[in-house]
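Below is one structure; the comments refer to it alone.
Each reported figure results from applying straightforward, stated rules to the coordinates on display, with no laboratory input. For clarity, every value in this text was computed on a predicted model and none was experimentally measured. Cβ placement follows ideal geometry from the backbone for every residue including glycine, while neighbour counts extend to all protein chains displayed.
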Amino acid sequence: MKLAEIAKQLGCTVDGDAQTEIRNVAGIEEAQKGDLTFLVNRKYRPALHSTQASAIIVSKDESPAQIPMLRSVNPYLDFARAIEIFHPTPKFTMEIHPTAVIAPTAKIAPGAHIGPYCFVEDEVEIGRNAILHSFVTIYRGATIGDDFFAHSHVSVREDCRIGNRVLLQNGVTVGSDGYGFARNAEGGWYKMRQSGITVIEDDVEIQAHSVIDRATLGETRIGRGTKIDNLVQVGHACKVGSDTMLCGQVGLAGTTKVGDRCILAGQVGTAGHLTIGDRAVLTAQSGVPSDVPADSVYSGYPAMETLAWRKSVAVFNRLPDMQKQIRDLRDAVDKLAGK
C-alpha cells in the first residue's frame, strides 16, 4: 500500500515520498524496510535517525528525518488505526455451532456467531451481531446489547446487564458472587445471599481473567468506555466511572467508588467504602486506605500526594545514615556531659 493511501485513511499529511510502499507496521527499533512505525516517547527519539522503517508517524512539529513522515495530531492513536489497516479484525460467520446449547426462551438477535460448547440459559436476551467464541456461558436472565464479543471461557452470571459494543477477553467473569459473609455465634461464617447484579455500560473492554463481582444488594457498575486490564478484581457494589483505566492486578474492595477518567496503575489496591475523585491518578502499587481528591496524583502506602511520597522515600533511604548521625551526636553530648 502506498504511503499516500495510508495518509488519506488516517487523515495525516505526508512529508516526503508519498509513493513509498508500506507492507506492515512495527515498533521503531524492530522495523525493517517496508514497515511503518511511529514516535511518541522521547526515550526513542535517538532511534528516529537509525530506524530501518520506510516511514514514520510523528507529531505535527517534529523535525525532518531521513525517511518519509506522516504528520499527525495524535501519532499514537493514528498508529493504532494503522495497525487495523494491515491486521483487520477476523470475521465470523453467522452460525450456531451444533454443540452449543441454547434455551428455548433465550432471545438472540440476527447476526450472531455462537461457537462450540457455548451455553445460553433461559430468558437471556442478546443483541445484534453477538460473537460467543467457545465455552462461553450466559446465565439465566442476563441482558446483553449489540456487537457483544466474548472470547473463550467467559461467564456472564444471572440477571447481569451488559451494554453495546462490550468486549470480554478470555476467562472474564461478570457477576460472580461478592465476598459477603456474616460471622455466626459459633465463630464461623454465614454466606450472605448476593442478590444484586453487575451492570457493564457501553464500549467497555475487560481483559483476560478479570472478575467483576455482583452486589450483595443493588448493583456493581462499570461506566461507559472504561478499560480494565488482566487479573483485576472489582468487588461487590463498586462504582467505576466512564473512560477510567484499571491496570493489571488492581483490586477494588467492596463499595469503592472510582470517578470518571481516572487511572489506577498496576497493583493498586483500595480499602472499601471510599471515593476516588474524577481524573485522579494512582501510581503503581499504591495502597489507598481513604478518599482521594479529584485531579490529584497519589503514590505509595498509605497513598499520599506523589510529591510528598517522593520526599518521604528520599528520607527513608537516608534513615540508616541519619540514625548513625543521631547516635554519634548523642555519644558526643554524653561525653561533654561527663557521662
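Here are the numbers for this structure:
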read-out: Cut-off 11 Å between beta-carbons: net charge of the residues surrounding GLU62, Lys and Arg +1, Asp and Glu -1; value: +1
read-out: Cut-off 14 Å between beta-carbons: net charge of the residues surrounding ARG318, Lys and Arg +1, Asp and Glu -1; value: +2
read-out: Candidate aspartates and glutamates - alpha carbon under 19 Å from LYS107, same-chain residues fewer than 8 apart omitted; value: GLU95, GLU121, ASP122, GLU123, GLU125, ASP146, ASP147, GLU158, ASP159
read-out: Separation between Cα centres of the range 107-134 and the range 177-202, rounded to whole Å; value: 29
read-out: Subset of LYS227/LYS311; LYS191/LYS239; LYS33/LYS227; LYS33/LYS60; LYS227/LYS257; LYS60/LYS311 violating a 26 Å alpha-carbon distance limit; value: LYS227/LYS311; LYS33/LYS227; LYS60/LYS311
read-out: In nm, spacing of pseudo-spin labels at ARG330 and ARG310 (7 Å Cα→C-beta vector); value: 3.3
read-out: Net charge of Cβ neighbours under 15 Å - reference LEU274; Lys, Arg +1; Asp, Glu -1; value: 0
read-out: Burial order of peptide ranges 286-298, 122-134 (average beta-carbon count within 10 Å, highest first); value: 122-134, 286-298
read-out: Label assignment, log10 I(q)/I(0) by the Debye sum over Cα atoms at q = 0.08, 0.10 Å⁻¹ derived from the structure, set (1) -0.38, -0.61; (2) -0.51, -0.71; (3) -0.56, -0.80; value: (3)
read-out: Whole-number percent relative contact order across the chain, with pairs defined as alpha carbons under 8 Å at least 6 apart; value: 6
read-out: Relative contact order, percent, the range 3-86 [alpha-carbon distance under 8 Å, six or more residues apart]; value: 30
read-out: Per-residue [θ]222 nm for the chain (sum of -39500 (n - 2.57) over DSSP H runs n ≥ 4, rounded to 500); value: -4500 deg cm²/dmol
